[in-house]
Amino acid sequence: MRILYFTDTHIRGTTPRSRTDDFLATLREKIEEVIEIADKEQVDYVLHGGDVFDRPNLSPAVVREFAALFRKLNVPIYTIAGNHDIYGHNPQTIDRTMLGLLDAFGTVRLLHEGDRVKLHQNGITVQLSGMPFHYDLDKRDVALDYQVKNEMNADYCIHMVHGMLVERALPESVPHTLVHETWCEDVDVLLTGHYHAGFPIQERAGKYVVNPGALARINNHPSEMKRMPQVAVLQFDNEININFIRLQKAKTGADILDRSYLEKAAYQEERLAEFIQQVRSGTDFEEIDIREIILQISGAENVEEEVRMEAMRRIAVEQEKEEASSN
C-alpha cells in the first residue's frame with residue numbers, strides 16, 4: 001500500500017502581502033504537481049493534514065476551482081479540519097464551512113474525532129484516524145489527541161493530528177507538544193501539520209512521526225525563505241518506508257517572498273512579545289479590559305480599522321449575551 005501525505009495548503013483568493021507572485025496561480029501549480037506525484041508514485045490513497053483553506057467561508061468561485069483539481073486525483077483523499085478550516089477553533093462548525101461542503105459532495109472525506117477508517121490494498125490493512133484542530137489541542141493530556149488504539153487489529157495504524165507538534169520547545173506562551181511525548185504502542189505513523197516549518201522524519205523502534213511542512217508559504221519568516229515545499233510518500237508492506245519528495249515547480253523563497261517586510265515583521269513580533277509580557281505580569285486579570293487588549297494588539301500588528309471595529313462589535317455582542325443569561 002502506498003500513501004501520499006501533504007498538509008497546510010491554505011487555499012485563499014488573495015495574495016498575502018509578503019509574496020510578490022500570484023499566490024493563487026502558484027498554489028494551483030503546486031497542487032497539480034502533487035497530483036502528478038500521486039500518479040507517478042501509484043499511490044492508493046492521499047491524505048491531507050488540515051488547513052485545506054485559509055478561511056472557513058472562502059469564496060465559492062475559488063473553492064470550485066480547487067475542488068475541480070482535487071477531483072483529478074484518481075484515489076480517495078482523506079483530510080482533517082485545521083484551525084483555518086473552522087470557525088472559532090470549534091470543529092463542530094465544520095458543516096457550515098467550505099471544507100464541510102467538499103465533504104458533503106464527496107470531493108474529500110473528512111475524518112472526525114473518534115472516526116476509524118479501514119484502508120485495504122494488496123493484502124495490507126491500515127487503520128486510519130484523525131484529530132481535527134480544537135481549542136484544547138496541545139493544552140491537555142497528550143494521549144487524548146496524539147495517541148489511539150489499533151481497534152481493527154490492522155497491520156498498521158496511521159493517526160493524523162492538526163496540532164503544534166515540534167522537535168524543540170517553543171516559547172511558553174505558544175501551546176505545543178514535543179515529539180518525544182507522543183510515542184505510543186499502537187500508532188505506527190503519526191502525521192501532523194499546523195507547524196509550517198516541518199521537521200525531518202522521526203523514527204523510534206519502527207514507529208514514525210512525519211511533518212513534511214506546509215505546502216503553502218504565506219509569510220516571509222526567515223525559515224520560510226529557505227524552506228522548499230514537499231510531500232511525503234509512505235509505503236506499507238512487510239515494513240514501513242517513508243520518503244519526502246520536493247516539489248520541482250515550487251520557486252525559492254527569494255523568488256516569491258518580499259524580504260522588505262522582514263524587519264517590519266520582526267519589530268511587530270518584538271512589540272507583541274513585550275505586550276504579552278506586560279499582560280502576564282498583571283496582578284489582577286479580572287480587571288483587564290479586553291477592549292484595551294484589542295486596541296493595543298491591533299496597534300502593534302497594524303490591523304485595519306474595520307477589522308478592529310468588527311472585533312470590538314463581536315465582543316460587545318458576546319458580553320450582552322453573557323449579561324442577559326446571568327439576569
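Compute the Cα gyration tensor for the stretch 80-151, then decide on rounded, prolate or oblate, letting a ≥ b ≥ c be the square roots of its eigenvalues: rounded whenever a/c is under 1.5, prolate when a/b is larger than b/c in the other cases, and oblate in all that remain.
oblate
Give me the net charge of V43's neighbourhood, meaning all other residues with Cβ under 12 Å from the Cβ of V43; Lys, Arg count +1, Asp, Glu -1.
Here the charged neighbours net out to -2.
Among 148-159, 63-74, how do they line up from the highest to the lowest mean number of other beta-carbon atoms within 10 Å?
Highest to lowest by the protection proxy: 148-159, 63-74.
Go through K226/K251; K30/K251; K118/K149; K40/K118; K139/K207; K40/K72 and tell me which ones have a Cα-Cα distance over 18 Å in this structure.
Where the Cα-Cα span goes over 18 Å, the pairs concerned are K40/K118; K139/K207.
Only four residue types carry charge here, +1 at the Cβ of Lys and Arg and -1 at the Cβ of Asp and Glu. Report the dipole size of the stretch 16-55 about the Cα centre in Debye, rounded to the nearest 20.
That gives a dipole near 300 debye.
If you average 1/r across every pair of different Cα atoms in the stretch 1-160 and take the reciprocal, what Kirkwood value do you get, in Å?
Answer for the stretch 1-160: a Kirkwood hydrodynamic radius of 16.5 Å.
State to the nearest 20 debye the size of the charge dipole of the stretch 75-169 about its Cα centre, where the only charges are +1 on K and R beta carbons and -1 on D and E beta carbons.
So the dipole magnitude of the stretch 75-169 works out to roughly 100 debye.
For a quick protection proxy, order the peptides 79-91, 242-254 by their average other-Cβ count within 10 Å, most packed first.
79-91, 242-254
Dipole of the stretch 95-134, Cα-centred, from +1 at each Lys and Arg C-beta and -1 at each Asp and Glu C-beta, to the nearest 20 debye?
Roughly 120 debye, rounded to the nearest 20.
Indicate, rounded to the nearest 5 percent, the antiparallel portion of the DSSP beta bridges found entirely in the stretch 71-201.
Here the antiparallel bridges make up roughly 25 percent for the stretch 71-201.
What net charge is computed for the residues neighbouring D85, neighbours being all others with C-beta under 15 Å from the C-beta of D85, Lys and Arg scored +1, Asp and Glu -1?
My count for the surroundings of D85 gives -2.
Within 15 Å, Cβ to Cβ, of I124, how many net charges do the neighbouring residues add up to if Lys/Arg are +1 and Asp/Glu are -1?
Summing Lys and Arg as +1 and Asp and Glu as -1 gives -3.
Specify whether the C-alpha gyration tensor of the stretch 66-194 places it in the rounded, prolate or oblate class, a ≥ b ≥ c being the square roots of the eigenvalues: rounded for a/c under 1.5, otherwise prolate if a/b is larger than b/c and oblate if not.
Oblate shape, in that a/c is at least 1.5 and b/c is the bigger or equal ratio.
Going by the alpha-carbon gyration tensor, a ≥ b ≥ c the square roots of its eigenvalues, is the stretch 14-101 rounded (a/c under 1.5) or, if a/c is not under 1.5, prolate (a/b greater than b/c) versus oblate?
oblate
Put +1 on the Cβ of every Lys and Arg and -1 on every Asp and Glu Cβ in the stretch 74-160; which of L144, L119, A81 then has its Cα farthest towards the positive end of the dipole?
Value: L119.
Sort 44-50, 139-145, 110-116 by the packing proxy (mean of other Cβ within 10 Å over each peptide's residues), most packed first.
By packing density, highest mean first, the sequence is 44-50, 110-116, 139-145.
Every number in this text was worked out from the coordinates using simple rules, so none of it is lab data. Please read these numbers as outputs of a predicted model, since none were measured by experiment. Quick reminder, even Gly has a Cβ in these numbers, built from the backbone with ideal geometry, and neighbours come from all protein chains shown.
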